[in-house]
1. Mind checking whether some residue in the range 107-130 is within 25 Å of residue 30 (Cβ to Cβ), open to solvent by less than 50 Å² (accessible area, probe 1.4 Å), touching a strand residue (DSSP E or B) at 6+ places or on another chain (Cβ under 6 Å) and outside any loop (DSSP other than H, G, I, E, B)?
2. Look through 72, 57, 77 and report the one residue that is free of Cβ contacts under 8 Å to residues at least 12 places away in the same chain and touching a Leu at 6+ places or on another chain (Cβ under 8 Å).
3. Which residues, taken from the range 55-88, are open to solvent by 70 Å² or more (accessible area, probe 1.4 Å), more than 23 Å from residue 18 (Cα to Cα) and in a strand (DSSP E or B)?
4. For the range 136-162, which residues satisfy the criterion of being touching a residue at least 24 places away in the same chain (Cβ under 8 Å), surrounded by fewer than 18 Cβ atoms within 10 Å (Cβ to Cβ) and not in a strand (DSSP E or B)?
5. Which residues, taken from the range 33-54, are part of a loop (DSSP other than H, G, I, E, B), modelled with pLDDT under 90 and open to solvent by less than 70 Å² (accessible area, probe 1.4 Å)?
Amino acid sequence: MLFRSHVVVSHHHFDHSGGIRVAVAEGLTVIAHKDAIPFFKDLLARKHSIVPDELATAPKEAKFEEVDDTLTLKDKTMEVQLYHLKDNPREGTNLFAYLPKEKILVQADLYDSTWQFHHWGENVITNIEQIRKLKVDKMVPVHGAIQPYGVMVKTIREATRK
């Protein structure tokens, strides 16, 4: 099955890429934005000698599948569409996922309901609604609570007005 042989890395932050060495040691292909791949190659090439991990003790060459703008992963039961977050002022290589059948958005560090202000919130909404034209019912964050998409939009816009 396709999903068992790949790992999707949304972006380079340590809390979203911390398991990449284990994934490569297990033989998984890393899916990341094309501009993030040089960073990950450098990370994987570094010595890991204080506490050697699986990749240090049994080196494997990393396999990458790059995402420029979009990539669709599909098997008999599920479809996941990966999108590059365009023109984001915070981070230029972030990927987010969309499950079209379920109308679910999965995102990392694009929105959290506990943030006091959403500096790039309108960019996220623009990417979802105008650029990608996605019909989202539910938003599933890597950090924070699952919410209806409408609540996310309302929260972003209310926080931006403050």
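The values are calculated or read from the model by the stated rules, or taken from the named source; none is laboratory data. None of the values given here were measured: they were computed from a predicted structure. In this analysis, Cβ positions are derived from the backbone assuming ideal geometry, glycine residues included, and neighbour counts consider all displayed protein chains. Heads up: the accessible areas ignore ligands, DNA and RNA and are worked out on the full protein's heavy atoms, side chains in. Shrake-Rupley method; radii C 1.70, N 1.55, O 1.52, S 1.80 Å.
1. Yes, the range 107-130 contains a residue that is within 25 Å of residue 30 (Cβ to Cβ), open to solvent by less than 50 Å² (accessible area, probe 1.4 Å), touching a strand residue (DSSP E or B) at 6+ places or on another chain (Cβ under 6 Å) and outside any loop (DSSP other than H, G, I, E, B).
2. The match here is 72.
3. 70, 72, 74
4. The answer is 137, 142, 143, 144, 145, 151, 157, 159, 160, 162.
5. 53
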